[in-house]
Amino acid sequence: MSIKKMKDNLYERLNLSRRSFLKTTAAGSAVVAAGGLIELKTAKEAKAFAYEPYPKDDELQTVVTSCAHNCGSRHMLVAHKWKDVIVRLSTDDGRYQRGGHFGKDTNEEPQLRACLRGRSYRQRLYSAERLLYPMMRVGERGEGKFKRISWDEALDFVAKKMVYLKDTYGPTALVDQSYAGASYGVLHKSDQIEGLLGRFLGMFGCRTSSWSVPSYQGTTFSSRMTFGTIEDGNEDDAFAHSKLIIMWGWNPAYTFHGGNTFMYMRMAKQRGCKFVLIDPQYTDSASAYDAWWIPIRPNTDAAMMAGMAHHIFTNNLHDQSFIDRFCQGMDAGTMPQWAQGKENFKDYILGKYDGEPKTPEWAAKICGVAAKDIIKLADMYAKTKPAALKASWAPGRNAYGEQYNRMAAALQAMTGNIGILGGCAEGVGKAWHAEAVAYPYDQYSNIWFQAIKSDRWAHCVLNYPNVKREEIGLWQREDETDGQIPNIKGIFWQGSDWFNQLTNINKEIEAINKLELVVCMDSTITPSGLYADILLPIATHFERHDTALPWYKGHYYIHRPKVIEPMGESKTDLQVFTELAYRIGGDVFGQAYNPKANRDYFHVNDNVDEAYLREWWETKVIPHQHVDMSWDEFKQRGVYKFTFDQPHVAFRDQIENGARFQTPSGKIEILASQLAQITDWKKTMYGYEIPYIPKWIEPWESLNSPKTKKHPFHLISPHPRWRTHSIFNNCSWLRETYEQEVTINASDAKKLGIKTGDTVEVWNDRGKCVVPAYVTERCMPGVAVLHEGVWIELDENGVDRAGNPDMLTLDEPSPAGAFAYNTVLCNIKKTDLEHRPGWDKLATSRAHVFRRDL
Amino acid sequence: MSESKDKAKIKEAVKRRKRETYTPVKPDLQLGFVHNNVDCIGCRACEIACKDKNGLAAGPRFRRVQYIEGGRYPDVFAYKVNMSCNHCESPACLPTCPTGAIFKRKQDGIVDIDSTLCIGCRRCEAACPFGAPQFDPSDSIVKKCNMCVDEIEAGRKPYCVMACMMRVLDIGPIDKIWAGELETVAVGPNDQISRQVKNMSDIELTKPSIGFVAHSKGKVK
């Protein structure tokens, strides 16, 4: 077809030729904009737009939906569609909620505006990497050679193989690597614990579960041990009330933590709040909030915090009455009866046990922050009320990362900044546990036959059966199978690109070739998918019915209707598991797995999905969350926003009304009762001892270790802004705004003869990658920053030309399960090897960085 | 984009262009942008919203968030200057257009390109001191921000403004913006408006319709 003909057809189809514009009177007459900002007496002149065909929003069908990924927040997307095609996306503009109108954006009910990733969803939906048909591998694993097969063939293959593996190798043969790639729907859910895959494999009777969370296991552990819950977060609007916000390794300008956190922080700034950033990088958060930047050596945060605690204790700046009332083990006076003779936190800090007072000077030698700055910050934090120490997850993704988070909780407690508006007890920072599951979550959910630390699967596969339980963090079981090493022979990826995202990719490559079944369920062909035997095309969240929850801050529900029909032969995860259940176990398994459906569900799922969601809304959401909106009204509006009399603050009830904390003692456990009573660490999922009070522990690699002779740089791999982990890596709009590059300090670069834009090798003994350099004064000397999530692109020598930091990370988690993503030493040099981002080089971002003062 | 250009129409437009070249349209009301260089987190949601709205592939960027950084470790600073088309009082692009495709709207001062007239010669691109006109190789014509006239005519604001997560980008009558009289959360209670900041061309060239909250290191004079 000629281009002209194609265009004409398109014009005709969209009924949007220039002529039709001329004929049609504009759909919406000029209205006075909300707030009276613009008053326009438009003449409705027939002028062409700069580009045709040009469908206006009001000529398209509007459907409210939301983003769906594991990103840090959950925002509204509004699809503007023509028939079955989404023409463009907009976001919340205040019109859709009850009582809403265009431009409504109050502090109580702020708009849920999507970030750059959300705005680029159309590129992901309609991408060339979109998986549309079931595929079977015909080449080697990783080679990327597949042939198209029918659903019937694909599901039969998987079902037969599953039965064979279970019969041959037992109930631990399949490892569940479902993750949050499609999470936070309530019906179509991929997740380690609440996921559809977990229930399916559990019912089937063959599942090794992956228990540690890559992003924040250190933090989760700390929050559970200290507060007894991970719901230690305030709502985002509480940040507007702080007088001091310490962003510890926290970069909300990149991670968009919570729906509108960054916006409320701006409000705090306007009210006079001071900001501090402790981070190896001067981030965009630091500049936007005009923060005092304290550069710190990676993986030494707990030491600096100990130094702060020392200053606070020795200068009597702590809140003794708060400690006495609410804390266990903070000092000698708050030790429980049963723990007499055990160490308390204050005496540890003062050096009573090891003869080493944790003074600011002591800390300075470790963390590289001048003692006077540690003292100044400790002073500020102890004397400014209320003050929010936001202990982010990144410093917890380290060797002994849990100690950093536990230490932060001790600081938060000793200054009495917990349970008060403007304070902060985060941690994990989850503010609200919405009703999260609309599919049957019952006795069959999360059944597992062994559970391992998530990044130890390759180690387990490669060394089976000569593996000690502590090496893989085996979760204890109450039956005779306790301690049995799982015999992993297959992997299921559901909403997960873990092969690309876990640590030490070279070791994973070695391990995956030992497996007999690798199944990848995704809507995109990911790097993981290239290593799969079977690719199953999964409908995106635009193509299935669901409801969105805030990710962990924000109080609202967003309806997610089926905006368009599933593309190609895509099916939902629930359809796939239901059909597999029928194929493996007939009606008994099929109906138990999906009780509202019959076998037609694989072809017709709308009514069943609607029934699950309606039931969830009417029996859980309305009664438990006191929502006063019917399911039908919710569907019609697309969004329900809660309003509160006062901002939600974690532990307010405990502090104001004396309610118990959810810990064994009912107190904030600086001394963790549970840990203090463990005698045989090997029989716990931790495997190795964890101190029962927060302590500084030297990591296995850091800028202080002798290993720097060989590998002088400390590599950190934070979350990027232009991807959600590995998702969106293939979107050209996003790739145009940023580039995968390693950030290094200008003085380091000078020594190495590297300039911005030069291609460099980043390597250590575990692996190597090739990436352009970005040279800046905004990064601490000795530190290299390489954002996680880029899709690996291996050359014939196994060198990653795309620049994925997980070629270099170590698959050895911290005892509490924290992935040690940021505990990595490396070396850097200029190279002749070519960087291959995987697509044409699009980034122009650096053309827009100016250093005119140099 | 049109396959064949209407010659009569071009003639008519060239006549109009000759009339307008030396006497730019005096709009009844001039709309313009306001951006807070300090509070902007540089997330570029505005850029992506713009690309989606206008159906652009990678390449042409109507809106461009510039990252400016300076200082020496550890005393560093950074800020953002965010610009699309400034819908200037005397647009440099307009008189360069040989076909009269560029026009300035009387009612709101928005500068737009009539794509049925544009022949893709890219003279406007060279003339603009702010880099607003963007050549789109897929259609072989120049395109640029038209402040989402369709949204404005529907009583709403442009996509970039409605995309701003920090609420630091807004539009309004430019006189009000410069006078600090526009009611907008883009400008904080203690913020002053600057017409000229560092890292942008001299505003005397075209008198761009834009105001900024400047960073202390980005102030001129």
Exercise. If we only count helices (runs of 4 or more DSSP H) wholly inside the stretch A:235-296, which ones have 1 or more residues that are without any contact (Cβ under 8 Å) to a residue 24 or more places away in the chain, of a type in the set (D, E, K, R) and facing chain B (nearest Cβ under 9 Å)?
Worked result: A:261-270
For this session: Output the residues belonging to the stretch A:310-337 that are within 19 Å of A:Arg660 (Cα to Cα) and either among the charged types (D, E, K, R) or surrounded by 16 or more Cβ atoms within 10 Å (Cβ to Cβ) (or both).
Result: A:Phe322, A:Ile323, A:Asp324, A:Arg325, A:Phe326, A:Cys327, A:Gln328, A:Gly329, A:Met330, A:Thr334, A:Met335, A:Pro336
Exercise. Restricting attention to the stretch B:137-161, which residues are in contact with a strand residue (DSSP E or B) (Cβ under 7 Å, 6 or more places away or on another chain), at the interface with chain A (Cβ under 8 Å from one of its Cβ atoms) and not basic (Lys, Arg)?
Worked result: B:Asn146, B:Val149, B:Tyr159
Exercise. Residue check, A:His603 against (1) exposed (fewer than 13 other Cβ atoms within 10 Å of the Cβ); (2) more than 19 Å from A:Leu536 (Cβ to Cβ); (3) without any contact (Cβ under 8 Å) to a residue 12 or more places away in the chain, all met but one. Which one?
Worked result: (2)
Exercise. Limited to the stretch B:6-65, what total is found for residues that are closer than 30 Å to A:Phe256 by Cα and within 12 Å of chain A (Cβ to nearest Cβ)?
Worked result: 32
Exercise. In the stretch A:220-234, how many are in a helix (DSSP H, G or I) and buried (at least 24 other Cβ atoms within 10 Å of the Cβ)?
Worked result: 6
Exercise. In the stretch A:104-126, how many are more than 8 Å from chain B (Cβ to nearest Cβ) and more than 28 Å from A:Asn729 (Cα to Cα)?
Worked result: 6
For this session: Working carefully through the options A:Gln443, A:Gln403, A:Gln484, A:Gln412, find the one that is farther than 21 Å from A:Lys667 by Cα and modelled with pLDDT of 95 or more.
Result: A:Gln484
Exercise. Can A:Ala413 be described as touching a Gly at 6+ places or on another chain (Cβ under 9 Å) and surrounded by 24 or more Cβ atoms within 10 Å (Cβ to Cβ)?
Worked result: no
Exercise. Scanning for something farther than 21 Å from A:Ala399 by Cα, charged (D, E, K, R) and in contact with a Leu (Cβ under 9 Å, 6 or more places away or on another chain), does the stretch A:303-320 turn up at least one residue?
Worked result: no
Seminar exercise, completed: If we take the stretch A:708-807, then strands (runs of 3 or more DSSP E) inside it with 1 or more residues that are away from every other protein chain (no Cβ under 14 Å) and surrounded by fewer than 21 Cβ atoms within 10 Å (Cβ to Cβ) are A:759-763, A:768-776
Exercise. Does A:Ala436 satisfy the condition of being among the aliphatic types (A, V, I, L, M), touching a residue at least 24 places away in the same chain (Cβ under 8 Å) and in contact with a Lys or Arg (Cβ under 6 Å, 6 or more places away or on another chain)?
Worked result: no
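The values are calculated or read from the model by the stated rules, or taken from the named source; none is laboratory data. Remember, it's a predicted structure, so these values are computed and weren't measured experimentally. Glycine also receives a Cβ, built like all others from the backbone with ideal geometry; neighbour counts cover every protein chain displayed.
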